[in-house]
Structure formats: structure tokens, C-alpha cells
Amino acid sequence: MSLAADHTKGSGDFAVQIVQGVHFSADLRHWNLASQLEAAPILPRTTLKWTEALNPSRQSLTSARAGRMTVPMLSFLDLCRTGLLAGVLPCAVLAASAQNLRSPACVGPPSLESQLRAHPGDEAWAALGEWFRQQRQPQCAEQAIRAGLKQSPGSAHLNYLLGLSLYSSGRAQQALAPLREAVRLAPGVLPPHLLLATALTRLGRNQEALGEWQQAIAIDPTSLPALDGLVKSLVSAGEYDRAIQLLRSAPLDEQLTLDLATAYRKAGMYDEEVKTLSDGLQSRPGSDAIAAALVSLDMDLYHFAAASALAAKFATAHPGDLAAQRIELRTLVLTGNNAAAAPLAKKLLAQAPHDADLLNLNGMIEQRNGDFAAARRHLEEAVALNPNDLNPRVNLGVVLVDMKDATGARRQLEKAISLGADEPQVHFELAKALRSLGDVAGANRQLA
């Protein structure tokens, strides 16, 4: 269990927070009217036969039905407003085609629906999608965005919003296509690059992500999310020196301070890491993340007294800050000070009774004190709340070994190993459970 386990995670969520709600300028390419008309399912194919597609370089369209007609290149909304589609295809028909993509249950407020009927452009659809997102109706938000793209497939804004919707719902792979389209349509706009890089990072495609972070920095060298993402990608690629050089001369906020400290640690430059974190905490004395990282570093360097003193000082300075109190509790648990840890653990759990981390810490203390029933109860809840966290599973497995529940212990410890637990103690406890179940060969494999 690491005190600073959270501060080195990817910049994905931070980037998404930064880019949500960013307003795009008007579309950077015109709506592809010809392809949309050919695809309209409610029109007979013989009604309109286009011998030329709308092409910004040619700026003309031709209709067999209307005769040869050349007009300046206009957007869909321009065509609607000027009446140039009159007698060819009413705007309402295309708007209705887009509306067919929406579920009857996905109806927005009257003001937005009225605006959409009057001006069915990409910004109206974007506003409706944003309203559904705020109402925590992601499926309706996605339907609204897709309906908008039915009318304006060349909208960088809507492609970006679709990518954001897909990424936010855990579909990072599906988000790549619309995000790449948004980048293609609006190469000089920052948010699509940030989110595309974030999605690629989430998918483990670090080299591709690195390129997007670099493009984001080229657009805005002062962008903190872009710099954060770029440094994290460099560290993941083992390019610690490049990451350090990028940040040495940069103004450091909290996250970039942690990034620089991580780069120093990966490079084995512990003195520089200590100085970076110490200077960062002096500049930001209320930073839970920097304090946790510095305490964690002291623990890793076996400076237990220094870690305990810093954790206690920080908690005393921030008595109403749960995160500050959590740092002290973790330090007490890791240094084996159960006498001081037990009352603090109970106090904090009373404040946050369904906090998986606090449940895990209470379970660890109770196991050490021999209160296996209470430990089991707290650890089982921690596992239920966060099933992919290996720490409470390991601790629950140890408790179940103590309680002679070898079958349950085996289940928890094997799952913890599948999640990445590889400490010798975990294999030793699993060997004990397997031996109790009569699987001597399996136990021996765990000890090999």
C-alpha cells in the first residue's frame, strides 16, 4: 500500500475535466450535402441524382432534376435560410431524418427543442447533448450528438463531443475515430488533441499518445494538461532526462511538481526528488498530494521517523481535512503503530463509513489486534466497493487464513495475484491455504 498511490496515475481524467465544455468555433468545412441527400432513407433514389458532390475547391453543385445549377458554396444552415433548397429538399426533411435517431424518451427542455426546430445546426445539437449530459442521461446525450452529425458530419465540435461521450462511458477505443476526425477538421484546436492523447494513453498506445501531446504543446506551449500528459508519456517511455528537462524551466503547479518528482525517482535521483517535493510543499503547504508523496518517499527510503513526523505535522495543521488525516493514518499503519492508529481509524471511518480505503485500513488494524470477525466484515465491504484493488483482497485472504477458511482465502489470494500482487508474503499465505485444502503440490509451487 503506497501513501502516494494516486498521484502517478495517467493524466486522462484531468485532461477530460479541462476540455469539457470548451466551445468550438464554427465548422471548419462545409456540410457534405450531396452525400447526405444520397443517404436520406426517406427519399427515392431517383428524386435527386447528383453528378457532382459539394467540393470546397469547385464550389458548385449539379442536380439532374434542377438542371445545371451553380451556386456559391454554402453551409447547410445557409441553404435553409436563403431558401435555395426550396423545391429540392425541405430542410425539415433532413432535420426529421436526424430526429429519427433519437429515442422518444430523449426529449430536452422546450427552449432547446424549440431552438433545434428553428435552427437545426450543430451548436443546437451540441447544446442539447450538453443538457442531457448535465442531467446524467449519457445515452440521450450521445443520441443528440449523433443526430447532429447526421445533419453536419463535418462538424469538428460534434465529432469531439461524440468522442468525449464515448470516452466518458468507458469506450476509449470507439472514441478514437470521432476524435481523429475532429483533429483532422480542426487541427489547430487544442481540446481534441488533449482528449485523443488521453484515450490513446488509456489504451496503452503510448507512442501514438506522445505525438498527440506534442501537437497539443505546439498549439499551446502554456497548456498545463498538455505538459502533464507529455511528461507522463515520456516517463512511461523511459525518457526520464527529456521529461526532467521539460519541467526544470517550467512553472510548476501541484501536478507538474509530482510529475517532476516521479521523473527524478525513475531516474534514481532521490536527492532531487526530495528537494522537488519539499520545495513544492513549501510553496503549497495545503497540498495533500505533495505531502503524501513526500511521506511515501521517506517511507521508501526507510526514514520512518521523518515520515511519521511529517505526517503528524501535516495532519495537525489541517485538522478538518480528511485527506490529511488519512495520510497520518496510513503512516501509522505502515510503521506498525497500532495503538495510535486504531482510534484514528475508527474516527475517520465514522466520518466516511463506506470509504474503501478506510475500510481496508481498519481491517488491517483489526487483523493485527486479533479481531478477525470485524476485520473480515470491513475487508469484505472494501472488496465489494473496489473489486479491482488488490490490497483489500490480500488482507482479506490473510484474515480468512487466520479464520481457517482456506477455500475463501484461496479465492481472494488467487484473485489478488491475478490483479498484480506478487509479494512473497502473498504466495506464502496462499501456500498455507492450499496446504490446508490438501493441495501440497500447489502449495509447493507457490513457495518455489
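The values are calculated or read from the model by the stated rules, or taken from the named source; none is laboratory data. As the structure is a computational prediction, the values presented were derived from the model and not from experiment. Every residue, glycine as well, gets a Cβ built from its backbone with ideal geometry; the counts of neighbours run over all protein chains shown. When the accessible area is computed, the model is the full protein with side chains, heavy atoms only, and any ligands, DNA or RNA have been set aside. Shrake-Rupley method; radii C 1.70, N 1.55, O 1.52, S 1.80 Å.
For VAL189, the criteria (1) open to solvent by less than 30 Å² (accessible area, probe 1.4 Å); (2) closer than 30 Å to ASP259 by Cβ hold in every case but one, which is (1).
Taken over segment 117-141, residues that are open to solvent by 30 Å² or more (accessible area, probe 1.4 Å) and either within 17 Å of SER168 (Cα to Cα) or not in a helix (DSSP H, G or I) (or both) amount to 10. Scanning segment 341-348 finds no residues that are under 29 Å from the mean Cα position of the chain (by Cα), surrounded by fewer than 20 Cβ atoms within 10 Å (Cβ to Cβ) and under 19 Å from ALA382 (Cα atoms).
Would you mention how many residues in segment 198-220 are surrounded by fewer than 24 Cβ atoms within 10 Å (Cβ to Cβ) and acidic (Asp, Glu)? Number of matching residues: 2.
Looking at the structure I just gave you, is PRO353 out of contact with any strand residue (DSSP E or B) (no Cβ under 6 Å at 6 or more places or on another chain), more than 22 Å from GLY420 (Cβ to Cβ), surrounded by fewer than 21 Cβ atoms within 10 Å (Cβ to Cβ) and not hydroxyl-bearing (Ser, Thr, Tyr)? Step through it out loud before you land on a result.
Details: out of contact with any strand residue (DSSP E or B) (no Cβ under 6 Å at 6 or more places or on another chain): yes; more than 22 Å from GLY420 (Cβ to Cβ): yes; surrounded by fewer than 21 Cβ atoms within 10 Å (Cβ to Cβ): yes; not hydroxyl-bearing (Ser, Thr, Tyr): yes.
It is true that PRO353 is out of contact with any strand residue (DSSP E or B) (no Cβ under 6 Å at 6 or more places or on another chain), more than 22 Å from GLY420 (Cβ to Cβ), surrounded by fewer than 21 Cβ atoms within 10 Å (Cβ to Cβ) and not hydroxyl-bearing (Ser, Thr, Tyr).
Scan segment 425-439 and give yes if some residue there is of a type in the set (Lys, Arg) and farther than 19 Å from ILE365 by Cβ, otherwise no. Within segment 425-439 (the criterion being of a type in the set (Lys, Arg) and farther than 19 Å from ILE365 by Cβ), the answer is yes, since at least one residue qualifies.
Please go through segment 263-282 and pick out each residue that is open to solvent by 30 Å² or more (accessible area, probe 1.4 Å) and hydroxyl-bearing (Ser, Thr, Tyr). Talk me through it step by step, then tell me what you get.
So the first thing to find is which residues in segment 263-282 are open to solvent by 30 Å² or more (accessible area, probe 1.4 Å), and the list is 265-272, 274-275, 278-279, 282.
Listed by number, the residues that qualify are TYR270, SER278.
Just one of LEU396, LEU348, LEU379 is in contact with a helix residue (DSSP H, G or I) (Cβ under 7 Å, 6 or more places away or on another chain), farther than 25 Å from ALA433 by Cα and without any contact (Cβ under 8 Å) to a residue 40 or more places away in the chain; which is it? Walk me through it before giving the result.
Working: LEU396 fails: farther than 25 Å from ALA433 by Cα; LEU379 fails: farther than 25 Å from ALA433 by Cα.
Sole residue among the options that is in contact with a helix residue (DSSP H, G or I) (Cβ under 7 Å, 6 or more places away or on another chain), farther than 25 Å from ALA433 by Cα and without any contact (Cβ under 8 Å) to a residue 40 or more places away in the chain: LEU348.
Confirm whether ARG411 is free of Cβ contacts under 8 Å to residues at least 24 places away in the same chain and within 19 Å of LYS432 (Cα to Cα). Against the criterion (free of Cβ contacts under 8 Å to residues at least 24 places away in the same chain and within 19 Å of LYS432 (Cα to Cα)), ARG411 qualifies.
Summed over segment 153-169, the residues that are in contact with a Gly (Cβ under 7 Å, 6 or more places away or on another chain) and either open to solvent by 10 Å² or more (accessible area, probe 1.4 Å) or over 22 Å from HIS193 (Cα atoms) (or both) give a count of 1.
Residue count for segment 221-255 under the criterion of being farther than 25 Å from GLY268 by Cβ and either open to solvent by 50 Å² or more (accessible area, probe 1.4 Å) or among the polar types (S, T, N, Q) (or both): the result is 5.
Being among the β-branched types (Val, Ile, Thr) and buried (at least 17 other Cβ atoms within 10 Å of the Cβ) is the filter here, so list the residues in segment 393-448 that pass it.
Narrowing segment 393-448 to residues among the β-branched types (Val, Ile, Thr): 394, 398-399, 401, 407, 417, 426, 440.
Of everything in segment 393-448, those that are among the β-branched types (Val, Ile, Thr) and buried (at least 17 other Cβ atoms within 10 Å of the Cβ) turn out to be VAL394, VAL398, VAL399, VAL401, ILE417, VAL426.
With the condition kept exactly as written, say whether any residue in segment 230-246 is touching a residue at least 40 places away in the same chain (Cβ under 8 Å), under 15 Å from the mean Cα position of the chain (by Cα), in a helix (DSSP H, G or I) and farther than 30 Å from PHE132 by Cα. Yes, that holds for at least one residue.
Answer with yes or no whether GLN174 is under 15 Å from the mean Cα position of the chain (by Cα), free of Cβ contacts under 8 Å to residues at least 40 places away in the same chain and open to solvent by 10 Å² or more (accessible area, probe 1.4 Å).
Considered against the rule, which asks whether it is under 15 Å from the mean Cα position of the chain (by Cα), free of Cβ contacts under 8 Å to residues at least 40 places away in the same chain and open to solvent by 10 Å² or more (accessible area, probe 1.4 Å), GLN174 comes out as yes.
Summed over segment 285-307, the residues that are assigned to a helix (DSSP H, G or I) and open to solvent by less than 40 Å² (accessible area, probe 1.4 Å) give a count of 12. Taking segment 308-340 as the range and being touching a Phe, Trp or Tyr at 6+ places or on another chain (Cβ under 8 Å) and open to solvent by less than 30 Å² (accessible area, probe 1.4 Å) as the test, the residues that pass are ALA324, ILE327.
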